[in-house]
Amino acid sequence: MSSVMTAVTSFFTTTDPLFLWLSGAALGLLVVATLIGAVLAYRVRTPAGRDTVRNLNARIRSWWVMVALFAAAMLLGSVVTLVLFTLLSYLALREFLTLTPTRRGDHAGLFLSFFVVVPLQYWLIGVGWYGLFSIFIPVYVFMALPSLSVLGADATDFLTRTAKAQWGLMLAVYCTSHAPALLWLDIPGYRLPSALLLLYLMTVAQLSDVFQYVFGKLWGKTRLSPGISPSKTVEGLIGGGLTAVAIGTALHVITPFTPLQAAGMSLTIVTAGFFGGFVLSAMKRDLGVKDWGTMIEGHGGVLDRLDSIVFSAPLFFHLTRYWFT
Amino acid sequence: MIPLFQPALRHGLLGLTRLLVGARASWEGSAPVDVPRIYFANHTSHLDTLAVMAALPAKLRARTHPVAALDYWGGSALRRAVAVGCLNALLVDRTGKATAEVMDAMAAVLESGQSLILFPEGTRGDGTVAPFKSGLYHLSQRVPNAELVPVFIENLHRVMPKGMPLLVPLICTMRFGAPLEPVAGEEKAAFLERARDALVSLSGPKSQSNPQSNSPSSGQRTAQ
């Protein structure tokens with residue numbers, strides 16, 4: 001019993017207090033959301049309302065799992081975080097290619113994409129080989145894939161097949177891998193663990209999503225683009241986006257940024273997050289599906305949850321790397 | 001020693017199957033209930049049996065027996081341990097020398113209240129469904145109270161196309177359709193055609209498809 005107490009005490013004394021505060025805040029937010037969800041489930045009467053509340057509660061349940069997973073990975077260290085993202089990239093690529101037409105000739109290239117490109121991209125982050133990490137997929141892999149496919153001697157939809165496989169790698173692997181790469185940034189004068197930068201990116205991007213959903217449900221009237229994403233509204237985007245920027249500015253204490261710089265960074269994350277989600281919605285429309293997958297209850301697939309990260313992670317990574325290292 | 005490792009090996013195999021191909025179940029016309037059933041599925045790759053087993057709820061999986069070829073799966077102690085010990089397979093002689101014994105063994109499983117998984121095409125397809133062999137007909141005549149549930153395995157032919165040694169992980173869905181209604185006095189050929197049609201009809205537009213978009217899903221387009 002006493003050894004457990006010692007472990008708990010040492011956990012709280014050695015872990016960064018800011019990390020504890022943030023975890024506490026996330027925990028509090030989730031508890032409040034869960035309570036609101038329970039009250040709504042008890043009070044709602046209409047069938048349509050019941051559906052909305054059921055979906056809301058499914059989303060909240062999945063948030064518990066996702067937050068727990070991330071907190072665990074970050075506490076266990078950067079290598080575990082890297083492994084988690086490797087797995088996420090693998091699952092996201094699997095979702096993307098499931099919905100994408102491929103032909104026999106693409107088989108070898110796709111095999112290599114899953115079992116060589118995905119681990120190699122994350123290995124490059126782990127060993128800190130920035131130069132190759134940033135060009136490996138867009139230069140080498142983008143030439144290797146069509147070269148392998150062309151050996152199949154099948155010109156049917158060749159350009160379409162090549163482009164789709166490359167976009168799958170770009171979104172699910174290349175873009176996504178910039179999020180854990182934040183952990184390897186060496187920022188002079190920044191004394192906090194760089195896992196907090198990843199936490200900052202995820203918090204601002206995901207809260208922007210959550211608040212856009214909440215603002216849209218409560219006050220949404222003007223549809224932004226019914227042909228691409230029927231649930232997105234102007235009110236939701238502005239209200240949710242500004243709320244996320246405000247939170248991102250307040251969170252400057254965990255970053256190397258001044259409040260003004262943090263505001264600029266969160267505005268970038270929110271804007272890129274919005275366009276990431278918007279572009280992926282258009283792709284889903286094109287492929288004739290509503291969600292990328294069914295893995296996360298209430299959220300769809302892994303790629304549905306990563307869509308706000310795919311564009312914002314590389315931007316946030318490069319802005320931070322250029323200006324602060 | 002082998003029996004000790006079987007639960008671990010079974011969980012490992014099923015977990016690996018889910019990591020590679022998802023193996024999601026979609027119950028479209030039948031429910032996952034424990035009644036004697038003949039699940040008949042399209043044969044797309046070496047992973048078919050594992051994928052259907054991984055898609056079944058654990059309670060049903062324990063009472064479901066895939067029918068597998070004795071000449072291959074009975075070939076060594078390890079193969080036998082995997083097929084019989086891990087996956088409850090019923091090994092049958094497919095050479096045609098012991099047709100009566102094979103039928104007896106399959107009927108015994110159904111009569112004990114448990115279920116079977118059959119691949120009535122006999123051979124691996126390329127995404128299309130081949131004509132059925134007659135075993136399904138004879139078994140349904142022998143055990144008329146067993147439900148005949150079609151299971152369409154979607155996408156798995158893209159994971160491991162015939163003649164390709166490499167495996168590409170894609171999400172595969174097992175579509176469990178409505179049980180075939182019995183038709184009194186139906187001829188063998190008509191029955192086999194109807195059973196095949198029931199399986200093929202499950203390959204239609206996905207339920208997940210957006211109702212506003214009427215284009216067929218991409219996975220199907222590649223099947224042609």
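The values are calculated or read from the model by the stated rules, or taken from the named source; none is laboratory data. Predicted model, so just to flag it, every value in this text is computed and none were measured. Methodologically, a virtual Cβ is constructed for each residue, glycine included, from the backbone with ideal geometry; neighbour enumeration extends over all protein chains shown.
Here are some notes:
- The stretch A:100-138, residues that are outside any helix (DSSP H, G or I) and either within 13 Å of chain B (Cβ to nearest Cβ) or within 16 Å of A:GLY168 (Cα to Cα) (or both): A:THR100, A:PRO101, A:THR102, A:ARG103
- Only one entry of A:LEU192, A:LEU183 meets the criterion of being in a helix (DSSP H, G or I), more than 12 Å from chain B (Cβ to nearest Cβ) and in contact (Cβ under 8 Å) with a residue 40 or more places away in the chain, and that entry is A:LEU183.
- A:SER23 more than 25 Å from A:THR255 (Cβ to Cβ) and at pLDDT below 80: no
- Residue tally, condition touching a residue at least 12 places away in the same chain (Cβ under 8 Å) and outside any helix (DSSP H, G or I), over the stretch B:62-103: 18
- Checklist (1) without any contact (Cβ under 8 Å) to a residue 24 or more places away in the chain; (2) part of a helix (DSSP H, G or I); (3) exposed (fewer than 14 other Cβ atoms within 10 Å of the Cβ) applied to A:ILE36, failing item: (3)
- Matching option when the condition is part of a helix (DSSP H, G or I), more than 14 Å from chain B (Cβ to nearest Cβ) and surrounded by 15 or more Cβ atoms within 10 Å (Cβ to Cβ), among A:LEU171, A:LEU97, A:LEU159: A:LEU171
- Evaluated against (1) within 14 Å of chain A (Cβ to nearest Cβ); (2) over 19 Å from the mean Cα position of the chain (by Cα); (3) touching a residue at least 24 places away in the same chain (Cβ under 8 Å), B:PRO182 falls short on exactly one condition, (1).
- Which numbered condition A:GLY216 fails, given (1) more than 27 Å from A:ALA73 (Cα to Cα); (2) surrounded by 15 or more Cβ atoms within 10 Å (Cβ to Cβ); (3) within 20 Å of the chain's Cα centre (by Cα): (3)
- Leading residue by the ranking (nearest to the other protein chains (Cβ to nearest Cβ)) among those in the stretch A:44-89 that are without any contact (Cβ under 8 Å) to a residue 40 or more places away in the chain and among the hydroxyl-bearing types (Ser, Thr, Tyr): A:THR86
- A:ASP286 acidic (Asp, Glu) and within 15 Å of the chain's Cα centre (by Cα): no
- Residues within the stretch A:113-125 that are surrounded by 18 or more Cβ atoms within 10 Å (Cβ to Cβ) and touching a residue at least 24 places away in the same chain (Cβ under 8 Å), tallied: 7
- Output for the stretch A:228-252, where each listed residue is under 30 Å from A:LEU192 (Cβ atoms) and small (Gly, Ala, Ser): A:GLY240, A:GLY241, A:ALA244, A:ALA246, A:GLY248, A:ALA250
- Residue count for the stretch B:18-43 satisfying the condition of being away from chain A (no Cβ under 14 Å) and not charged (D, E, K, R): 13.
- The residues of the stretch A:116-174 that are farther than 25 Å from A:LEU91 by Cβ and among the charged types (D, E, K, R), listed by number, are A:ASP154, A:ASP157.
- The residue list A:LEU224, A:LEU280 contains one member that is hydrophobic (A, V, I, L, M, F, W, C) and in contact with an Asp or Glu (Cβ under 9 Å, 6 or more places away or on another chain), which is A:LEU280.
- Given (1) surrounded by fewer than 22 Cβ atoms within 10 Å (Cβ to Cβ); (2) in a helix (DSSP H, G or I); (3) touching a residue at least 40 places away in the same chain (Cβ under 8 Å), index of the condition B:VAL52 fails: (1)
- Test: residue in the stretch A:74-85 that is hydroxyl-bearing (Ser, Thr, Tyr), surrounded by 20 or more Cβ atoms within 10 Å (Cβ to Cβ) and modelled with pLDDT of 80 or more: yes
- In summary, A:GLY227 fulfils each of the numbered conditions (1) within 24 Å of A:ALA25 (Cα to Cα); (2) surrounded by fewer than 16 Cβ atoms within 10 Å (Cβ to Cβ) with the single exception of condition (1).
- In the stretch A:142-159, the residues that are free of Cβ contacts under 8 Å to residues at least 40 places away in the same chain and out of contact with any Gly (no Cβ under 7 Å at 6 or more places or on another chain): A:PHE142, A:MET143, A:ALA144, A:PRO146, A:SER147, A:ALA155, A:PHE158, A:LEU159
- Count of residues meeting criterion [in a helix (DSSP H, G or I) and out of contact with any Pro (no Cβ under 9 Å at 6 or more places or on another chain)] in the stretch A:74-90: 8
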